[in-house]
Structures are given as C-alpha cells and as structure tokens.
Amino acid sequence: MSKISNDSATVPDEVDIIVAGGGAAGCTLAARIAKAAPSISILIIEAGINNKNLPQVIYPAMYPLNVQPGSKTARFHVAKPNEHLNGQEAIVPMGECLGGGSSINFMQYTRGQGIDYDGWNMDGWREKDVLPLLRKTETYHNDNPQIDRSVHGYEGDFHVSYGGFRPTGCRDDAIRASAEVGTNKVPDISDLKEANGIHEWLKWINPTTGLRQDAAHVLVHPLLEANNTSLQVLTQHQVIKVLVEKGRAIGVEYVSNPGPQFVTSPPEVIAKTVRARKLVVVSAGSLSSPCILERSGIGSKEILSKLNILIVSELPGVGENYQDHNVLISSYKSNAKEHEGFDPFLDGRRSVDAEIAALSDPSKPKYIAWNGCVTSSKLRLSDAELSRAPEAFTAMYNKDYTPHPSRPLMVMSLGSPYIGDRSVIPQGQYFIALSFTCYPHSRGRIHITSQNVRAKPDFDTGMLDNEFDVEALVQCYKRQREIVRRMKYFAGPGPGAVILGPKFPENGKAISWDWPTDNGAVTEYSKEDNEAIKQFVRATAGSTWHSCGTCAMKKREDGGVVDERLNVYGVDGLKVAGK
C-alpha cells in the first residue's frame, strides 16, 4: 500500500483517525500522533497536490509563483462585492497542497502576544500553557545575547533563522529611520510581550540547507519515507462531509478534486467513504472547515434547513465571525544596488537555476534562501499621533489598547521587491512598506449554498465594515510614510519614486514629500489629504491570508463551535483543528 498517493484505490475501508485537510495544522497533528503511536492508522485527505520537492515550495525565493494565476498550490477564494472596498471582490488565497499555507506563505516568523492567549479565557490555552508548545516546535537561530532564551526553543523540528541572505544596508537604514520617529530597535518582537519596536525579521528557513520549513517536508514526508508508522496520505481528494451516526462521527465522504484550474463544471464523479474507528479531525482551514461541517448537518438551523440538510448539531456560530488582518501596501523606488535587491528574481535578471546551484557553493551568496523581507515592527500610536487622529478612533484606541501595553495596533514590514504588475514599471530596484492592523473589528462570514461540494459558497469578508479599521490603516500609512521619507534608500521624491500610494490633491499639504529630511517635522495632512488616504485604503486594502474565526473555540452559548479540547459541540469523536 502506497504511503502517499492521489489514487483512492490505495485507501482502506477503515482507519483509526481521519484528518480532513493536510495543511499546516493537519500535517502537524497527524505526524505528532503517528510518531507517538506508530501503530495507530491515520489517513490525511488533502484536496491539493503533493508538495514533495516542488521548487516553488522548497526554495524560499520562489514563493511568489505560488500565488500567480495558474498556480497549482493555491486556491483563490473570491468573496462577494464589498461596498467598503469600493465594490471590489476581495480575493483570499489559501494553500491547496500538502502543507497548506506553510508551503506557500512568506515564511515570516511571527507569534501572537501572550495577552491574546490569555484573552481566550480557555483552560489549556493561556500563555503559560502555549509557551512550552511554541518552544517545542522550533530551533531558534539567533545568538543575540539580549534575547530571552526562555521564550524560545532550540531543539524543535522547525528551524527559524535569518535565511541565506541579509541586505544589511536597507535593514540598517530602515531601523535608523524608524528610531527617528520613535520606534526603536528591540532584540525580539516575538517574545509574546514586545508591542512597540523594530528588528530584522526572522524566517522559517533552515540556515544550513536554505530550504523552507513547511509542515509537510519537516514532519510528514520523513515519516512516510521511514515507513515505520501507519500514517497514509491521499492527495487531490476533497472531503464532502463527516458521516455521523447516533451522535458520533464515524467517517467521511470524499470525492476526487480536479483542482483550482478547471473553468467549466468538472466531470461528474462518484463519492467514496472511509470509516474512522476512533476520531475524525476537520482541518481544512477557515474557509473550508465550516463548509464541511455545514454539509455534515452541523451549523445554523436556518441555513441548513433551506438546503434540506438534516440537522445533526445546531451551532449557529459555524461560518460566522470570519476575520482577517487588513493589509495596506505602499511601493517605492529604491536606491539599493542590484545585488541587494529581490527584484532581479522577479524580472529575470537573476537566474533561478544558477541561484539553486549557489546553495552548494560556499563562496556565493544564498539569494535563493531569502524571501525579500528585511525588517518587521510591532507598533503602537504615540500621544502625538492620537492627538491628531479622529476623536472616535482615539476613544476606541484608549479603550482597547491604552490599558494593554503589550497589544500592538499594527505590524509593519519593509521588504525589497515590487510585487505588483512589473510590466508597468521600468527595470530597477524597489521596496514596499506593508502594514496591517493586528486586531480588526470587522467581521465576515462564509456559508455553503448547496450540498454540492463544488458550489461556490456565500463568502463575505466583511473587510473594513468598521470605521476603526479604516482609520487604523490611515494611521499605518502615516507612520510608514514618516519612516520612508527619512530613508536614504528611498529614491524620492521625484516622478516615479512613489509607485503605489494615495493620490493627493495638488492643493493639499501632503503632496510634497520633504525628502530627504533629518529634522523632527511631521507631514501635515489637510482634510482632503486624509480623504485621499481613506480612498487609497478602500481601493487597495486586501487580505494577509490570515483567515480565522469561523469555527470559534469558545462557549457554545456564545457562538462557539468547539470547546477547549477542540471537540465539536454535539458530536462525539469529531474535532476541528487549525484556524
């Protein structure tokens, strides 16, 4: 019997545990169980393809290929038109291959805040409970003596490092400019406490091999190759629903998945079933897990009854509470030299094949083991910034943030490449300022529209439907602008220097960049300028791929879907794992 296959004929009629979804969470939990109890038979059913040794997965610099049109490793979920995004249909990419998001993301090493875990108020999930697990996961490569080693792990499966290439010029310039506007360099913004500082961003990259640290390559493939467990993986198959008998999950129904490339309706296929003796775990991500539950009869009575689905467990919270970090990107022309930048990868000046070969040459820089990201910061607003912000925003900030000094308003990253349509810009070096709000107030939802697994769901991101989130991104823009206009790497402020930014009115105050500057002056904004920034936010804000919330862990009466043990309320032998 093959350990990994896209042929359902290799699947037995019954196993001990079924994991519906082979993304980061599914791979991790299946591998952990398999390693601890090799005799337990576990089947992962993954909708996407096998990611084994795919160049765009394993080589960090090739990650942009995963989210380009025609990608075979991602699914692009299209939401309904959103009036708060100027009527646009938000597109939310999700990993659709073994390893899920961990196979296609930016590989940025980012942790939550301790206050986040404590705020869940769930037994077993507070900071003191989660920290040992975070440490167990990682091998942290950072020899800064100021690091608090007690909050990091040094013997885990996943390596965290600076990657294979570190452009120190742009890094130091960004850190210096940030300090001039009140954001100082800190040793570690991932210590669960720091909420207002900048540092060089670490990455999920093995510093020895230069390869991405995704959940499948780190955990699953080694077990399958060792052939000493009863773990098995079926790829390119999609779980339709969980089978429930007498209040207990006893298996799943699944069907082959033609992939995200089909344009017309795929050929009709026959659904198959596999039974689970012990447990079914739904781990298909925030946009697919609630749909599996609803097709299984778990969800809102109102929604399921309209689709003639028998109610198994009435849980109105399924598919609700959708949230995502709202990201705003500004792009600029850079003074960086060609060897410092990531753009040569994207415009063909740098040969991918040559850079892969360079991994084994100690004398050459390891560009292929870099993702283009330079610095990261977690930021709070100063008293001066708050004094200039709208009164309603300031009142909400003082309620949600001022009493909690370890809660950042935003994350900001500076990176090397221009990531838009390169046909509209000349060849050269660019950089981006990427900012997102950490705790958006906006909420959306996703629900099935049919029992047919192929039917497009009713997906509303809810993005920017709360004015606080809009103003938070306005503040993000203003902060990054103050940093950029103090950077020597900014090739401004002449024509073509600002590639992506607000369209300020000619008679406004903000159209002049006052660059370079070495004084403490802050850019002034007229009423019209502020409106221009808001329009820029609504026209360009998007997803960070950080979807969560649709199968919430909280009390059932509060809209929860799972308890603190991840058990689905009302169904025995069924759990939901992941975001």
_Chain lengthening between D7 and D558 when straightened (0.36 nm per residue, less Cα-Cα)_ = 194.2 nm
*Rounded Å value of the spacing that divides the Cα centres of the stretch 426-498 and the stretch 313-385*: 14
*Any of K72/K241; K80/K554; K185/K579; K185/K509 with alpha carbons more than 26 Å apart? Name them for me.*
K80/K554; K185/K579; K185/K509
*Determine the principal axes of the Cα atoms in the stretch 436-579, then give the extent along each, sorted from largest to smallest and rounded to whole angstroms.*
64, 30, 27
_Dipole of the stretch 42-155, positive direction: furthest Cα of L54, G119, L98, with charges on the beta-carbon_ = L54
*Place +1 on the Cβ of every Lys and Arg and -1 on the Cβ of every Asp and Glu in the stretch 408-527, take the dipole about the Cα centre, and give the residue among C476, M487, G420 whose Cα lies farthest towards its positive end.*
G420
*Roughly what percent of Cα-Cα pairs across the stretch 458-535 reach past 16 Å?*
56
*Label point distance in nm, E524-I270, each placed 7 Å from Cα along Cα→Cβ*: 7.7
_Measure of compaction for the chain (Cα Rg per 2.2 N^0.38 Å)_ = 0.97
*Based on alpha-carbon positions alone, could you give the equivalent ellipsoid semi-axes of the stretch 5-64 from the gyration tensor, as √(5λ), descending, whole Å?*
25, 15, 9
*Built amide H within the under 5 Å cut-off of N51, gap 5+*: L98
*If amide H atoms are built 1.01 Å from N in the plane of the peptide, which residues on other chains or at least 5 residues away come under 5 Å of the amide H of N326?*
T437
*Which value at 222 nm does the chain reach when only helices count, each DSSP H run of 4 or more adding -39,500 (n - 2.57), with the total divided by all residues and rounded to the nearest 500 deg cm²/dmol?*
-6500 deg cm²/dmol
_So for the stretch 415-544, averaging the separation of alpha carbon pairs under 8 Å that are six or more residues apart and normalising by length, what relative contact order in percent results?_
19
*Computed over the stretch 71-181: relative contact order in percent, which uses C-alpha pairs under 8 Å that are six or more apart*: 14
*Sort M463, M412, M62 so that the residue with the fewest other Cβ atoms within 10 Å of its own Cβ comes first and the one with the most comes last.*
M62, M412, M463
*In the structure shown, do any of K3/K136; K52/K575; K333/K478; K203/K503 have a Cα-Cα gap over 29 Å, and if so which?*
K203/K503
*Hey, can you rank 209-218, 426-435, 118-127, 274-283 by average C-beta count inside 10 Å, highest first?*
209-218, 274-283, 426-435, 118-127
*R0 = 35 Å: FRET efficiency of L133 with A179, Cβ-based, nearest 0.05?*
0.55
*asked:* For a 22 Å ceiling on Cα separation, which of these pairs sit above it: K35/K278; K337/K534; K35/K555?
replied: K337/K534; K35/K555
*May I ask you to evaluate 6.51 cos²θ - 1.76 cosθ + 1.60, the Karplus curve with θ = phi - 60°, for each residue of the stretch 336-349 and list the ³J(HN,Hα) values in order in whole Hz, giving x for glycine and proline?*
5, 6, 4, 6, 8, x, 9, 4, x, 5, 8, 10, x, 6
*asked:* For the stretch 140-217, compute Rg over Rh where Rg is the Cα radius of gyration and Rh is the Kirkwood radius from the inverse mean 1/r over Cα pairs.
replied: 0.99
*Round to the nearest 0.05 the FRET efficiency obtained for A392 and R349 when R0 = 45 Å and r is the Cβ-Cβ distance.*
0.40
*Relative contact order (%) - the chain, alpha-carbon pairs under 8 angstrom, separation at least six*: 19
*Binning at 10 Å from 0, report for the stretch 86-207 what percent of all alpha-carbon pair distances ends up in each bin.*
11, 33, 35, 18, 3, 0
*For the stretch 175-212 and the stretch 5-76, what is the separation of their C-alpha centers, rounded to whole Å?*
30
*Ordered by residue, what ³J(HN,Hα) values in Hz, to whole numbers, does the stretch 457-473 give under the Karplus form 6.51 cos²θ - 1.76 cosθ + 1.60, where θ = phi - 60° and Gly and Pro are x?*
x, 8, 10, 10, 5, x, 4, 6, 7, 10, 4, 4, 5, 5, 5, 4, 6
_Spherically averaged projected area of the stretch 22-167 from its Cα convex hull (nm²)_ = 13.0
*Show me 309-317, 170-178 ranked by packing, highest mean number of other Cβ atoms within 10 Å first.*
170-178, 309-317
*P(r), alpha carbons of the stretch 296-361 - 5 Å bins starting at zero, rounded %*: 3, 12, 12, 10, 6, 6, 6, 5, 5, 9, 14, 9, 1
_Protection-proxy order for peptides 366-376, 397-407, 512-522, 83-93, each taking the mean of Cβ atoms within 10 Å per residue, highest first_ = 366-376, 83-93, 397-407, 512-522
*In square nanometres and to one decimal, what's the mean projected area of the convex hull around the Cα atoms of the stretch 107-159?*
4.1
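Just so you know, all these numbers are worked out from the coordinates, no wet-lab data involved. Keep in mind the model is a prediction, meaning the values are calculated, not measured. Using ideal geometry, Cβ is built from the backbone for each residue, glycine included, and neighbour counts are taken over all protein chains shown.
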